[in-house]
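Undergrad: Sharing a structure, written as structure tokens. Questions coming.
The values are calculated or read from the model by the stated rules, or taken from the named source; none is laboratory data. What you see is a predicted model, and the numbers here were worked out from it, not measured in a lab. Cβ coordinates were reconstructed from backbone atoms using ideal geometry, including for glycine residues, and neighbour counts include every protein chain displayed.
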Amino acid sequence: MKNTGPRPEWLREMADFEDSCRSISVGGMAADLGMLGAPPAESRSVFGRLIEFARRSKGLSVEQLAEQADVDLAEIVEIERKQNAVPQLRTVYQLANALKLPAGKLVEVAGLATTRPEISNAALRFAARSEPTTTLSPAEREAFEEFVKVLVQASDAG
Amino acid sequence: MQELLQKGVSRADWPQSLHWDWSKKALQLNLLESSGFGIVCEQRWQGVMLTKTASHTSRLAAERGKPLVYIDYVEAAPWNWTVPEIGREGRFRAIGSILFWRAIKQSQEEGFYGRVGLHALPQAEQWYEKGLRMTSVGRDPGKQNLLYFELSRQQAESLLKEHK
């Protein structure tokens, strides 16, 4: 039978690279079977930071936002501070309403719906350029406004 | 896995895997378009791969819509994982390379000119991009934002020509 396999030298070279990688696994079937679990944590942490920036840009304290949005104070603190916080759908809509952000897109950023590529990319840019401080610096404000612009555009388009 | 736990290796640093459990995956083989491949050595399965030939087409601009072999699942057996954190080398090596080669050959046999597509788990992205030199097409919201990779006809032909 004719040998149709690769050369041993190639396999040795690839074996070294394969060993240096953490995994060779693919996830097509796993995604279809719902085996991949929750969406990446980064989307939730970006959500928390976005809420914090939106609140601060309006000059609101956490308490004031909780009151205006009719959301439990502890829940907002958790959203803003906890990496893996999973907000309730109602909370996302209440916050969107209070902060004048597009609710449907905010649900995507919160990781409660499938995120479209343009929103993921904008979220990553926002995360990379933002640091939680007391007041918004000009650079933070620019990053925040750019992200909100993408959300609004995606909302209009979709 | 017990070794990883005992050595206190952070869960995030464990090799990403989707369980060496065939009860769910075997059901996939009932579909007409699915094929299963495996490597058996020392009377044990050392690596397995499931592919599909009908439900996925090329997403590359130059080959959009053309048929390809889609790797739905591929995995090396856990005892073949190299895990530096616990100083362990895999029992058998190059499992992923051998199975990927088989996928290209299947694609040729089907008349798909070696085109192969897959969604990599995050830890495996480097392997498919730098190791196998597939083209990264972008994150796929329909597959939980996994990065989708493709091997084009030209890439497949070059790989086979260089390394056969």
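Undergrad: Kindly evaluate B:Gln108 against the criterion of being facing chain A (nearest Cβ under 8 Å) and surrounded by fewer than 19 Cβ atoms within 10 Å (Cβ to Cβ).
TA: no
Undergrad: Of all residues in the range A:1-18, count the ones that are farther than 12 Å from B:Gln126 by Cα and outside any loop (DSSP other than H, G, I, E, B).
TA: 9
Undergrad: Output the residues belonging to the range B:68-90 that are among the hydrophobic types (A, V, I, L, M, F, W, C) and not in a helix (DSSP H, G or I).
TA: Answer for the range B:68-90, where residues must be among the hydrophobic types (A, V, I, L, M, F, W, C) and not in a helix (DSSP H, G or I): B:Leu68, B:Val69, B:Ile71, B:Val74, B:Ala76, B:Ala77, B:Trp81, B:Val83.
Undergrad: Within the range B:56-85, how many residues turn out to be facing another protein chain (nearest Cβ under 10 Å) and either touching a residue at least 40 places away in the same chain (Cβ under 8 Å) or touching an Asp or Glu at 6+ places or on another chain (Cβ under 8 Å) (or both)?
TA: 10
Undergrad: With of a type in the set (Lys, Arg), in a loop (DSSP other than H, G, I, E, B) and within 11 Å of chain A (Cβ to nearest Cβ) as the only criterion, which of B:Arg139, B:Arg93, B:Arg102 stands out?
TA: Just one listed residue meets the conditions, B:Arg93.
Undergrad: For the range B:116-153, name all the residues that are within 14 Å of A:Ser25 (Cα to Cα), in contact (Cβ under 8 Å) with a residue 40 or more places away in the chain and surrounded by 20 or more Cβ atoms within 10 Å (Cβ to Cβ).
TA: B:Gly117, B:Leu118, B:Leu121, B:Ala124, B:Tyr148
Undergrad: Go through A:Ser61, A:Ser25 for me and flag whichever is within 14 Å of chain B (Cβ to nearest Cβ) and either touching a Cys at 6+ places or on another chain (Cβ under 7 Å) or at pLDDT 80 or above (or both).
TA: Within the list A:Ser61, A:Ser25, the selection yields A:Ser25.
Undergrad: Continuing with this model, one more query. Taking the options B:Gly117, B:Gly131, name whichever one is of a type in the set (Gly, Ala, Ser) and more than 25 Å from A:Leu33 (Cβ to Cβ).
TA: Only one candidate passes the filter, namely B:Gly131.
Undergrad: Let me ask something additional. Just one of B:Leu147, B:Leu118 is under 12 Å from the mean Cα position of the chain (by Cα) and either within 17 Å of B:Val69 (Cα to Cα) or more than 9 Å from chain A (Cβ to nearest Cβ) (or both); which is it? Walk me through it before giving the result.
TA: Numbers: B:Leu147 fails: under 12 Å from the mean Cα position of the chain (by Cα).
Answer to the check: B:Leu118.
Undergrad: Would you mind finding the one in B:Lys66, B:Lys130 that is out of contact with any Cys (no Cβ under 9 Å at 6 or more places or on another chain) and closer than 24 Å to B:Ser152 by Cβ?
TA: B:Lys66
Undergrad: Still on this structure, please answer the following. Is it fair to say B:Tyr128 is part of a helix (DSSP H, G or I) and either more than 8 Å from every other protein chain (Cβ to nearest Cβ) or touching a Ser or Thr at 6+ places or on another chain (Cβ under 9 Å) (or both)?
TA: Yes.
Undergrad: Also, I was wondering about something else. So which residues in the range B:86-104 are in contact (Cβ under 8 Å) with a residue 24 or more places away in the chain and surrounded by fewer than 19 Cβ atoms within 10 Å (Cβ to Cβ), if there are any at all?
TA: Those that are in contact (Cβ under 8 Å) with a residue 24 or more places away in the chain and surrounded by fewer than 19 Cβ atoms within 10 Å (Cβ to Cβ): B:Ile86, B:Arg88, B:Arg91, B:Phe92.
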